[in-house]
Every structure is written in C-alpha cells, then in structure tokens.
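Written out below as structure tokens is the structure these notes cover.
Since every read-out is calculated from the coordinates, none of them should be taken as a lab result. Everything numeric in this text was worked out from a predicted model, so none of it was measured. Note: ideal-geometry Cβ built from the backbone for every residue, glycine included; neighbour counts use all protein chains shown.
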There are 2 protein chains.
Amino acid sequence: MSLRARRAKATIRDVAAYAGVGIATVSRALNDDPDIAAATRARVLEACEALAFRRSSLARSLKVGATDNVGVAIMSRHAPVILNPFYAEVIGGIEGVLEDAGKHLLLSSLKRRDDLLDLASEGRVDGLLVVGCDVVPEVLTRLRDVELPVVLIDNAFEGIPSVVVDHVGAGSQAARHLLDGGGTRFAFVAENLENPNFRARLEGFRRALAGAGIELTPEAIAAGGDSWDGGYAAMSRVLAAIHPPPDAVFAANDPAALSAAKALNEHGLRVPDQVALVGVDDIHLAAHHAPPLTTVRFDKRGLGATGARHLLDRLAGRQVPALTTIATELVERGTSRSDRGTR
Amino acid sequence: MSLRARRAKATIRDVAAYAGVGIATVSRALNDDPDIAAATRARVLEACEALAFRRSSLARSLKVGATDNVGVAIMSRHAPVILNPFYAEVIGGIEGVLEDAGKHLLLSSLKRRDDLLDLASEGRVDGLLVVGCDVVPEVLTRLRDVELPVVLIDNAFEGIPSVVVDHVGAGSQAARHLLDGGGTRFAFVAENLENPNFRARLEGFRRALAGAGIELTPEAIAAGGDSWDGGYAAMSRVLAAIHPPPDAVFAANDPAALSAAKALNEHGLRVPDQVALVGVDDIHLAAHHAPPLTTVRFDKRGLGATGARHLLDRLAGRQVPALTTIATELVERGTSRSDRGTR
DNA sequence: CGTCGCGCTGGAAACGTTTCCGGTCTCGGC
DNA sequence: GCCGAGACCGGAAACGTTTCCAGCGCGACG
C-alpha cells in the first residue's frame, strides 16, 4: 500500500483513490474550495504528498481557459534581443511586476511576423506585451482584431493600449539645454533616420530650435549606419559639411553620442569647451565616459512595468488608458555646461 | 454560409463541419500526415482560413505530452535578473538556439526555491535550464529526482548534465599573466567570498602562485561588499594592511576591478606603472575604461548556447556529456603590461 | 465474380483537469 | 419521528486536441 508511488506521474484519480475520495473532492482540496471538510482536505493533501502529485497546469489551463502566462514579444531584426541593454531594462521592469502577480513570462524575439500572430492565437498565453517600435502597422492591425489582450510598449497604435516614451520631449529638452548653454550652430547625429524613436527625437529637437528662431539645415543632420561607430561616421560627415563646425550636437542615443565624441576629438574639437554634446538613454557607459556624457534619461524599467501593469489590468477586466507617456529628464554632466553661455 | 465566422473561437469541430470532413481528417491535415488526399487537405486548410481557426496548443500539448517550451530558471536574491549583464548574455545565447529549434522560452527568475520545483513538475515546460551558481544542493537533489530533463548552466552537480566555466583556470591565467609581468606582491579583491565562482577564481589564482613558490597571505585577500564599490572597499582594506603595497592585483570580476582601480588611484598608485590589475568577465565597460582593463574573458553566449543545445539533445533522447567546460582567455589591455618585468 | 489490399476517412476514446448537478447524511425544529 | 436545510461529497460532462481502430470504396488478382 505504501509502495503505490510508482514511476508514472500520479494523476488526480490516483490521489482520489489513495485518499478514498472522489476526484471532485481532490480538485476542491487543491483549489481551496470552501465546500470541503477540513479533515478531508488534510487527507487529500497528505495523499498528494505521498504520491508526489503535481497537478497538470496544461489540463487545468485547458479547462479553465487561462494559462497564467503572458507573452513578451520583441520584434527585432537583430537577434538576440536581450543583449540590447535598452530592452533588457524594459524586460526587467516587466519581469518584476509579472513575477509579483504570479504570472509566467514567455519571452519571444520574433524574427518572422507570423510568429507573433501565432503566439497571439495559439492560446499559449493569456495576454501579450509587444515591445519595440519596429512592429509595422499591418501586423498591429491584425493584432488588434485578435481577441487576446495586448499592450504595446515603446510604440503606439490606435485601438491598442500603448505605453510610450516622450521622445519628442526628449529632443526639445536637449535643444533647450543646448540653447541655454549658449549654442549657436546645431547638429543632429544618429545611427539611422528610419527608427521612429530617433525621428521623434529629431522632430522635438527641430521644433524647439525653430521656437528659438533657429532652423536646422539638412547638412547638419546625418546618419552614419547601425554599426558601433555609426555616430562617428555621422559626426564626421557633419564636420566635413559645415564650416565653422557646430558648437552644439544632439545625438539620437548615447552610443551615437559617445562615438560622435570620438570624431570630435579627432577633429581637434574639445568637448565641452568648444562643442557641447548631449545624448539620449543614459546607458551605463555614459556616466563613466571621460568626460561624463550629458544625456536625456527616462525610466526604462518603469516603461516595462507600467506596460505590464496595464496588461494585468486588462486581464482583470479593468479599463486602461489608451495612451500613457513616460516623461524624460535631462541629466547634465560633463559634455555640456550650462554656464558656457558667456564666452 | 459565409457568415459562419462568428465570435467564439473556432474549434477543430467547426472546421470539420465547414469542410465537410471528420475531425480526424482535420487533425491529419494540420499535422502533415501522409495519409490524406491532397484535395482534402486543401479543402481543410481553406476551411481553417475561412474560419480563422488556430489550434489550441494547450489541448495539443495535453494530448501529445509535450509543450514545446522550455523553462529558463535563474535563481537570484537580486531581482530582476535580466539586468545582470552576465545573465543577459547567457540568456541571449540560450534564446538563439531555442528560437532556431522552434521552442518557446519561459523565463523565470525564482525568488523562492519552491517555485523552481513547481515549474519543474507542473508540466508547463518540456525541459529546464537552470542558470547560476546560487542554487543550493538541496534543491538540486530534488531536481535530479524529477522526471524532467534538466541542464545546469554555470553550476555543476552530480547526476545532472552541467555546463560550467573554468573559473579555476581563469584564476591561474591571471596569476601567470601577473607573474609574467614581473609582479612580486599579489592581492585578490572581490565583492564577496561566498560566491562559488569567485572562490574558484581565487583558488586558481592561489594555486598558480603556489606553483611559482609564492603564497597568498590572508591580508592580501579582501571582500568589500556586493555594492557598486565593493571592489573599492576591498582594495582599500588591502592597501591599509600591506606595506609595501601590492604590485599585482587580481579582481574577482570586472566591476570589482574597475572599482579597485579607483582606490589605487586615490592611494596614489598608478596603474599599470606601479600596480598591474586584471579582472574577469570582459564587460563592455572594461574596454572603455581609462586605461582599458586587462581581463579574463569567456564566451558567455556560448555558455548559454551549449547548455541549450544539450537540453535539446536530451529532449531528443540523445546522450549528453555530464560536464562541459567553457575555456577562458586572457585579454591583455592597458591595466597590465607584460613588458614590465624589467624595472 | 469473390476477395484481398490499399488509400483514405470517420467515430470515439483518451489526455488530466474543473465544475455542474444531484445525492447522502446530519441535525435542529416542529 | 419527520422534514427541510445545510454541509459535504461523487459522477460525469466538458475543454480541444491526437490517435487507434474500424470501415468504406475500388482496382487487381485469382
């Protein structure tokens, strides 16, 4: 009788037999149903223990219609996606709130767009967090029509709750800071100009300058390619095109800024004395660069966390805002000096 | 007749009815069964399209006994785990091979150890990758007795296939390099001395020195705490204890090394002229530090990738080696100079 | 012309749960 | 002593697949 614990995984029936009760009763014991006598529950639990029984989450999910896991999909041409420190932070935020809610997180870095739709409709997850601005409208339309709760992160689309960063605001903060610092000749460098976030930053930058009566000419805008030294190439191009050289440079992100700094140095221009430089992202390296990089920071973990919270709210049937914006904040460091105005 | 596509999610029965076939036939069409006429298959597929049918992976998994997703569990006291760049790299490697194999990856950063056992026996995953050296033997024993295929990464345990880094080798490589550079007074700094990996590095370091007839005294070994400046504190302690100060320092990892460099600077000791310094990990910052940090590198992504590959092999019923070791490699940069021997 | 084999198909039984619905038992009130 | 009401429990029907097994039609072979 005590050697019942055989090889094959115990099922709820085995437990029922062992405890001398019906399977419904076992289920009740497992689910903290109030309609069960304390003694019976104890006996059942004991039987579970004795048989090393673990209920199949598969069968349960099938019956109950929910899996308790949510998908986190990141669409990216560049695999693997976790290595992108930006996404890593976002996922970190997501992970935190999901873990606390007892949800499991199914991570998927989609290469093909069909994978995303598959994930959405296979029933593997209860909800979906779609991260990144590379997801095209066509996919989003299909996503909207699927019954699965979806929340977009760092991307916005009509009809799907979205959490975005105020990239435009980041651009204008940078512009204002550079203006305050006494900049007069402005430039914008980036790895590429296709990324919607970069475009938004540029747009904010341009608009704020326009507000001060300054126009950003096409030669003052350059993209240098998605490699590690894209910012270098972009900066070099600007330096070749404009004379005298700019004294206020805004880079679409920190890597571009750091790499642009190198180009400036090699060109004999000293940062921040002759050129002020500001980036976006506040990556770890930024603070440890020499000189430390002035940058526009935003709460990446908060971005992921609020997205996750909104999804949980939707799963619970609560309403969530259609669009949430994460604020940005300029952190002044060594590559710009606001007291430079009087020279 | 064409307005069949109603709200409720279509099931395989609906498709069968729509296509005028039996449900078994639909299943066959979906699973590329050879025993089905081409015309029938086409009709079924068309019906699927028309009804926007997507089969439930839940039901399928339940019947078939496999879910096509594997768990990646990282046990860590410090949440969230993806933010640790080391783990991020490892996960990146895992992600790559899993994605290629068509598996989904269920990410779990366990706080409680029971969560790990739950994950292992709930049937949610087909296999488990357990990452990190913080998992205690007691849990591993239980894990071994579970029917689920498990592979350990950066950790080893009798009876579970494991993939580890040759931390001992890393320590001795560092020692040899420092000896070659002419070091005579050695020290070891770390954030803590509990981490098994750090201990292994120290052990390798100590052994290689012993091989050269040099003994590492207790005062030359210090841990400064797990904070950002643990290395700083450790280094300061050593400097206070030893006179004349060491001329060759090995840090258990790069953050500690960087932070130790700061302590050395503040103490008026110039790196590498007066003290040679080497770390482990080759984090991104290392190469961009001034001066660039000499460090011991190993293939973190490969670590994850081989672990994942071994798990896939196990899932396919193939045998895998009980223990695989990832080699390390010293990369010489600015904080050490091998030509320093003659001074 | 009967029968065999073969290509294709459909029905029904699983897989391991939850949950509805009804049943038994006990107990207090009359 | 009977009755109704709870409290507790068990059987069985789902959930949406896969797969076994039997059946059908039909050409070929004897």
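For the reader, a short list of remarks on this structure follows.
- Volume of the Cα convex hull of region A:142-219, divided per residue and given in Å³: 109 Å³
- Sorted largest first, the principal axis extents computed over the alpha-carbon atoms of the protein assembly as shown equal 81, 71, 51 Å.
- Residues within the reach of a label modelled at A:Asp100 (point 7 angstrom out along Cα to beta-carbon, backbone nitrogen below 12 Å), restricted to region A:270-304, are A:302.
- Members of A:Lys300/B:Lys9; B:Lys9/B:Lys103; A:Lys300/B:Lys300; A:Lys300/B:Lys262; A:Lys111/A:Lys300; B:Lys63/B:Lys300 lying beyond 27 Å, as alpha-carbon distances in this model show: A:Lys300/B:Lys9; A:Lys300/B:Lys262; B:Lys63/B:Lys300
- Kirkwood radius and radius of gyration were both taken over the C-alpha atoms of region A:1-152, and their ratio Rg/Rh is 1.14.
- In nanometers and ordered shortest first, the copy-to-copy spacing of the B:Gln319 label point, defined 7 Å from Cα toward Cβ, is 6.5.
- Each copy carries B:Lys63; placing its label point 7 Å along the C-beta direction from Cα gives inter-copy distances of 1.9 nm, listed from smallest up.
- If you bin all the Cα-Cα distances of region A:2-55 at 5 Å, starting from zero, the percentages per bin are 4, 23, 36, 22, 10, 4, 1.
- Positive-end ranking of A:Ala252, A:Ala42, B:Pro149 along the dipole of the protein assembly as shown, with charges on Cβ about the Cα centre, is headed by A:Ala42.
- Extension gain (nm, one decimal) between A:Leu193 and A:Asn265, 0.36 nm per residue minus Cα-Cα: 23.5 nm
- Placing a label point 7 Å from the Cα of A:Lys9 along the Cα-to-Cβ direction, the distances to the matching points in the other copies come to 2.1 nm, shortest first.
- At an R0 of 56 angstrom, the distance between the Cβ atoms of B:Thr217 and B:Lys111 translates into a FRET efficiency of 0.90.
- With both labels modelled 7 Å from their Cα along Cα-to-Cβ, the B:Ala316 to A:His284 distance reads 3.5 nm.
- Computed about its Cα centre, the charge dipole of chain B is approximately 980 debye, with only Lys, Arg, Asp and Glu carrying charge at their Cβ.
- Chain A: Rg to Rh, with Rh as the Kirkwood radius over Cα pairs: 1.17
- Top positive-direction residue, dipole computed over the protein assembly as shown with Cβ charges, set A:Gly169, B:Ser57, B:Ser236: B:Ser57
- Think of each Lys and Arg Cβ as +1 and each Asp and Glu Cβ as -1; about the Cα centre, that makes the dipole of the protein assembly as shown roughly 1420 debye.
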